[in-house]
């Protein structure tokens, strides 16, 4: 995205983070944004903003660990900021799968593959995650394999997993939201 923080890239007249917040806030008791830059801009949305608790940007798992560290709830729901079409029932469906499977982690599945950053995790897994990261590992799927995992199927919500990584993807999603063929 040309060095622009993806959560602040405009989509349909608003930064993507606003789309994400609008979808998540009715589903959870508290929102925490993990950001290592533009923290003041994110804080302007009235939510807590935390930087990675581990140095040398270590990827999505470090962000998840930072959110888990800042949270005070039994479970932590994670989503990316560059997938702005989050379903209104994401938390409910992840939680139902977690309970049904007596799992520690519940992950969204689009019908074809797991979508690992759309997850509900027990916060008490933080020591396990920190140990995993300190060992040099970064693959989210491998860390999930160490825990009881449930899959929550979202074959009916494929749009939720549309990820905006470049100007062409942004334009295509903008056109989709406007009801125009890209």
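The values are calculated or read from the model by the stated rules, or taken from the named source; none is laboratory data. All values reported here derive from a predicted model rather than from experimental measurement. For neighbour counting, all protein chains shown are included, and Cβ atoms are generated from backbone atoms with ideal geometry for every residue, glycine included.
Looking at segment 19-48 only, could you name the residues that are under 18 Å from residue 91 (Cα atoms) and free of Cβ contacts under 8 Å to residues at least 60 places away in the same chain? Explain how you work it out, then say what you get.
Step one: of segment 19-48, the residues under 18 Å from residue 91 (Cα atoms) are 19-33.
Matches in segment 19-48: 21, 22, 25, 29, 30, 31, 32, 33.
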Just checking: which of the helices (runs of 4 or more DSSP H) contained wholly in segment 15-105 hold 1 or more residues that are at pLDDT 95 or above, under 25 Å from residue 132 (Cα atoms) and touching a strand residue (DSSP E or B) at 6+ places or on another chain (Cβ under 9 Å)? 60-70, 90-100
Taking segment 146-165, which residues are loosely packed, with under 12 Cβ neighbours inside 10 Å and at pLDDT below 95? 165
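Can you go through 170, 113, 123 and tell me which one is loosely packed, with under 12 Cβ neighbours inside 10 Å and either closer than 21 Å to residue 60 by Cβ or within 15 Å of the chain's Cα centre (by Cα) (or both)? I'd like the intermediate steps shown before the answer.
Values: 170 fails: loosely packed, with under 12 Cβ neighbours inside 10 Å; 123 fails: loosely packed, with under 12 Cβ neighbours inside 10 Å.
Among 170, 113, 123, only 113 is loosely packed, with under 12 Cβ neighbours inside 10 Å and either closer than 21 Å to residue 60 by Cβ or within 15 Å of the chain's Cα centre (by Cα) (or both).
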If I filter segment 39-59 for residues that are buried (at least 19 other Cβ atoms within 10 Å of the Cβ), out of contact with any helix residue (DSSP H, G or I) (no Cβ under 7 Å at 6 or more places or on another chain) and within 19 Å of residue 5 (Cα to Cα), do I get at least one hit? no
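Determine which member of the set 113, 170, 122 is touching a strand residue (DSSP E or B) at 6+ places or on another chain (Cβ under 7 Å) and at pLDDT 95 or above.
None of the other options fit; the residue is 122.
Among residues belonging to segment 138-164 that are part of a loop (DSSP other than H, G, I, E, B) and free of Cβ contacts under 8 Å to residues at least 24 places away in the same chain, point out the one that is nearest to residue 11 (Cα to Cα).
Let us first name the residues in segment 138-164 that are part of a loop (DSSP other than H, G, I, E, B), namely 138-139, 145-148, 154, 162-164.
Adding the requirement that they be free of Cβ contacts under 8 Å to residues at least 24 places away in the same chain leaves 139, 145-146.
Values: 139: 29, 145: 35, 146: 37 Å.
If we take residues in segment 138-164 being part of a loop (DSSP other than H, G, I, E, B) and free of Cβ contacts under 8 Å to residues at least 24 places away in the same chain, then 139 is nearest to residue 11 (Cα to Cα).
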In the list 65, 71, 51, which residue meets the criterion of being closer than 13 Å to residue 34 by Cα and in contact (Cβ under 8 Å) with a residue 60 or more places away in the chain? 65
